[in-house]
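All remarks here apply to the structure that follows.
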Amino acid sequence: MRVGLRLLELARERGARAIFVVGTGKNVGKTTALLAMYEAACNSGLRVGLASIGPKPRLRLHPNTIFVTARPLLPSSPSAEILKISELESSSGSLLYARTAYGGLYDLAGPSSASGLRVAVEEIAARSDIVLIDGAIDRLATLASANGAIVVSCGAAAAKTESEAVGDVATLTARLRVPAFDPLAGALELEGALTATMAADFIAAGEERQIVVGDSTQIVMNGRSLAEALARLRIRCRRTLDVIATTVCAVAPERSFDPGPFLAAVAGATKLPSFDVFAGREAA
Amino acid sequence: MKALDLLDAASAELLGFDWLVNAVAPISPYGTRLFSELVPFRPGNEAAAESRARAIAQIAEQLHPDRVSAARSLLEHLPDIAGVVAGVSMGAMLDDPGFFELRLFCETVERVDASLPASGFGQRVASEATQAVSAALAPGRNEAAGFYLSDAFDADLAAARAAYAQAQAEVDAARGREQERVARQLGREEVAGDEFIVMRSEVLGRLPAGVRVVREAVTYLLCALEYGESSRGALERREAAFGRMSALEERVRLQLSCVVREHAAGLGVAARAIGELDVSLAAVRFSQSHHCTAPAVIAEAALTFERARFLPLEAELRVAGRRYVPIDLDLRGAGVLTGPNMGGKSIALRTCGFLALCAAFGLPVPAAQARVGLFDQIAWLGTGLRERSGGLLSSFAREVTSLKEILTRFAPRLLILVDEFARTTTPHEGKALVVALTQRLRQRNACALIATHLQGVAAAAGVAHFAVRGLKAIGTPPAARDLKDALDALAASMDYTIAVVGGDDPPHADAIALAELLGLDPEFVKAAYRALSQ
């Protein structure tokens, strides 16, 4: 199957104009998923914009792609159209927006702050049909809640065992998919983060009201504590996120999982459409 | 804008120096650089200070504020070409972002000029240099107002790029055929990426030709699709085309860099001119926003003004929905200022300092009319200085050490603003100290305003006595005892006018009436009046 196209369709069915690819760790196939969607979008004739939280390895871009990069990283050839030089800074230098005139190898870079990323994505979105963003979830939550879809990548590189990898992605997606709070029902609105200690206190006190945080990044828990808190408390968000799919990468230099069962386990644990971009498969 | 030794930090804080700096700060990197080097005019430079203030005030009068805002909004987005110009001057070849910035700079300079017709700013900023660079880079202006090293720069570029695009298309086609063949042989819709997984169950017999196994596992193979002969050939042709295109693009950059280098000095002049314009526009905006006038800057230790305002407080009051009452003063040499509590004595001192600061930087002043001297130093002594907790010195001892420091500084022309000096010691000795201080300042020909509640200082020191008129009538305390209401009632009752009075006129404190207005209970107030009459 054409995984990139399928992911793109899933996002566009929801009206998303931006797709954020986040991962459970490094080298879990985020860039592969992003590139699969990028190829599909270009083949569909869309004007594509690309952004990244941090520097990315060089990517071969097609003509007419809008991208954000650091000034020192812009290659001299093929010459790209400079659209705007931003006041935003990245770890590699000041950022600029450019459009490829011819295909070639380009670096992506992005601002390190959430507010900076918001500006960058808005700049790119104004000039393109769809924006693909490689990023970290803690910087994306407030941005993705507007009209963005999220794809969560997981893989063998970020966990010692298959069950740990499945548990990690299930936890992350559960956190990202915390439902919206009901304004008509009783609620305890938190100003800041919900920590494991606070959750334990709420459970001990038999708290039945909705416990409301701004967005899911403010739920600062993992693993068993998070699972327990989500099961026993009515945790809700003011701004919800739209997680549309997961992708898996079963191979890593240090270990690998059996791709078929791993994909099936991820799909079962997350209850989301799940894809193996490397194997060109969707979980049954 | 640097105060240098005109002001110490504590006086700067009390007199709103930072507020003034923010209010007249330019907006472009060029203006900001010049502004950071701006220093006060010193005694002897009265004509220059007055000339600058007059020029700014005149432009402020002639130029509509909307035009000032429009020009400033252009300046706000002006790129900083200093690095680019410096680099090219030293032989560097510019990159495309550098050309983008230069093009934007040259175009913006022309737009700024066009936005300020007959404004009195003198010469246009755009010059032969900016026009030449703008013309040289014009083919790179794209529809998005960015910059692109377009084919129009070099007759050979279009052909080289077309060849590169053709070669890239050949690579894509050859690679696509290989991927399609492998996908078909594996029974898949596509093979995406350079590495892919093949499940052993998918492989019927051997792997398709060109597929290399990277890693083997029990159930799957991690594979890579090798480049076939036609792909490799296409890749070689693409690399060759890329090399030709790249060389031509560099040739264009080199030619454009030479044009920029030729005009580097002129661009530097334009950059300085736009910086000066920016600094002036910021001062014009300040003058317009605060209805300032050009002062007569005089070679005397004197401050004379009508309807003057201390702008930081005026801004604060405006936010709070309160009215600011301007003041008049004619201070030549030293003078004593008395008046009730909350009658504006401290603000009168600050107004003096603020106007002196404006004049020192050649700015119009917030007054209907003013004659202001230039000073070597402006110093504040007394209340208002941020109290330091702890330490070995009492507040009185700290005042005395501050005074000693002020008196020993070299400042032939000194403006000193004294707010209730020696208020924390006995009234008897405190008065003696204030009289001695006033006499010393008079002997030094300092311009000094000494605010005090002590009686007879002006007469004893032989200087002018100014007094805030004070409460016109004792208002009825607000029933709700609300502080805001009390302040409203106070403001309505207070006459902030400063008048010259006889040297021995006793100062009015109106302290008990104020205490009542501010909500002290009636019994307490009655007791105070009884005590006063005994």
The range A:248-267 residues that are within 12 Å of A:Ser153 (Cα to Cα), paired with ones that are of a type in the set (Val, Ile, Thr) and in a strand (DSSP E or B) (beta carbon under 7 Å, 6 or more apart): A:Ala250/B:Ile197; A:Leu263/A:Val248; A:Val266/A:Thr246; A:Val266/A:Val248
Failed condition for B:Leu94, given (1) of a type outside the set (S, T, N, Q); (2) modelled with pLDDT of 95 or more; (3) assigned to a helix (DSSP H, G or I): (3)
The lone exception for A:Ala80 - which of (1) within 11 Å of another protein chain (Cβ to nearest Cβ); (2) surrounded by fewer than 24 Cβ atoms within 10 Å (Cβ to Cβ); (3) out of contact with any Asp or Glu (no Cβ under 7 Å at 6 or more places or on another chain) it fails: (2)
Positions within the range B:138-171 being more than 23 Å from B:Pro97 (Cα to Cα), more than 10 Å from chain A (Cβ to nearest Cβ) and either exposed (fewer than 15 other Cβ atoms within 10 Å of the Cβ) or of a type in the set (Asp, Glu) (or both), in sequence order: B:Ala159, B:Gln166, B:Glu170
Test result for A:Arg99, surrounded by 21 or more Cβ atoms within 10 Å (Cβ to Cβ), of a type in the set (D, E, K, R) and assigned by TED's automatic domain parsing to the domain that holds A:Ile124: yes
Index of the failed condition, A:Asp215 passing every other in (1) surrounded by 18 or more Cβ atoms within 10 Å (Cβ to Cβ); (2) at pLDDT 90 or above; (3) not assigned by TED's automatic domain parsing to the domain that holds A:Ser115: (2)
Filter result (touching a strand residue (DSSP E or B) at 6+ places or on another chain (Cβ under 6 Å) and in a strand (DSSP E or B)) within the range A:89-98: A:Ser90, A:Gly93, A:Leu95, A:Leu96, A:Tyr97, A:Ala98
Residue satisfying condition, being surrounded by fewer than 18 Cβ atoms within 10 Å (Cβ to Cβ) and not basic (Lys, Arg), within set B:Glu180, B:Glu249: B:Glu180
The range A:64-88 - residue that is touching a helix residue (DSSP H, G or I) at 6+ places or on another chain (Cβ under 8 Å), assigned to a loop (DSSP other than H, G, I, E, B) and not small (Gly, Ala, Ser) and, of those, nearest to A:Arg12 (Cα to Cα): A:Thr65
Those residues of the range A:13-27 which are under 28 Å from B:Leu186 (Cβ atoms) and either away from chain B (no Cβ under 14 Å) or without any contact (Cβ under 8 Å) to a residue 40 or more places away in the chain (or both), in sequence order: A:Ile19, A:Val21, A:Gly23
Residue that is nearest to the other protein chains (Cβ to nearest Cβ), among those in the range B:206-236 that are small (Gly, Ala, Ser) and under 16 Å from A:Ala252 (Cα atoms): B:Ala217
Whichever residue in the range A:117-129 is closer than 17 Å to A:Val22 by Cα and in contact (Cβ under 8 Å) with a residue 40 or more places away in the chain and, among such residues, is farthest from the other protein chains (Cβ to nearest Cβ): A:Leu117
Residue in the range A:226-234 that is in contact (Cβ under 8 Å) with a residue 24 or more places away in the chain, surrounded by fewer than 19 Cβ atoms within 10 Å (Cβ to Cβ), within 14 Å of chain B (Cβ to nearest Cβ) and not hydrophobic (A, V, I, L, M, F, W, C) present: no
Among the residues listed as B:Ala86, B:Ala132, B:Ala48, the single one being among the aliphatic types (A, V, I, L, M), without any contact (Cβ under 8 Å) to a residue 12 or more places away in the chain and surrounded by fewer than 21 Cβ atoms within 10 Å (Cβ to Cβ): B:Ala86
Number of the exception - A:Leu50 against (1) in contact (Cβ under 8 Å) with a residue 40 or more places away in the chain; (2) surrounded by 19 or more Cβ atoms within 10 Å (Cβ to Cβ); (3) within 11 Å of another protein chain (Cβ to nearest Cβ); (4) in contact with a strand residue (DSSP E or B) (Cβ under 8 Å, 6 or more places away or on another chain): (3)
Tally of residues being outside any helix (DSSP H, G or I) and among the β-branched types (Val, Ile, Thr) across the range B:270-299: 3
Residue pairs meeting the criteria (Cβ under 6 Å; at least 6 apart or on separate chains; first within 7 Å of another protein chain (Cβ to nearest Cβ), in the range B:181-205; second basic (Lys, Arg)): B:Glu189/A:Arg2; B:Glu190/A:Arg2
Residue that is farthest from the other protein chains (Cβ to nearest Cβ), among those in the range A:260-282 that are among the small types (Gly, Ala, Ser) and surrounded by 20 or more Cβ atoms within 10 Å (Cβ to Cβ): A:Ala269
Strands (runs of 3 or more DSSP E) fully within the range B:312-427 counting 2 or more residues that are in contact with a Phe, Trp or Tyr (Cβ under 6 Å, 6 or more places away or on another chain) and among the acidic types (Asp, Glu): none
B:Cys223 being free of Cβ contacts under 8 Å to residues at least 40 places away in the same chain and assigned by TED's automatic domain parsing to the domain that holds B:Asp96: no
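The values are calculated or read from the model by the stated rules, or taken from the named source; none is laboratory data. Remember, it's a predicted structure, so these values are computed and weren't measured experimentally. Neighbour counts are summed over all protein chains in view; Cβ atoms, including those assigned to glycine, are modelled from backbone coordinates with ideal geometry.
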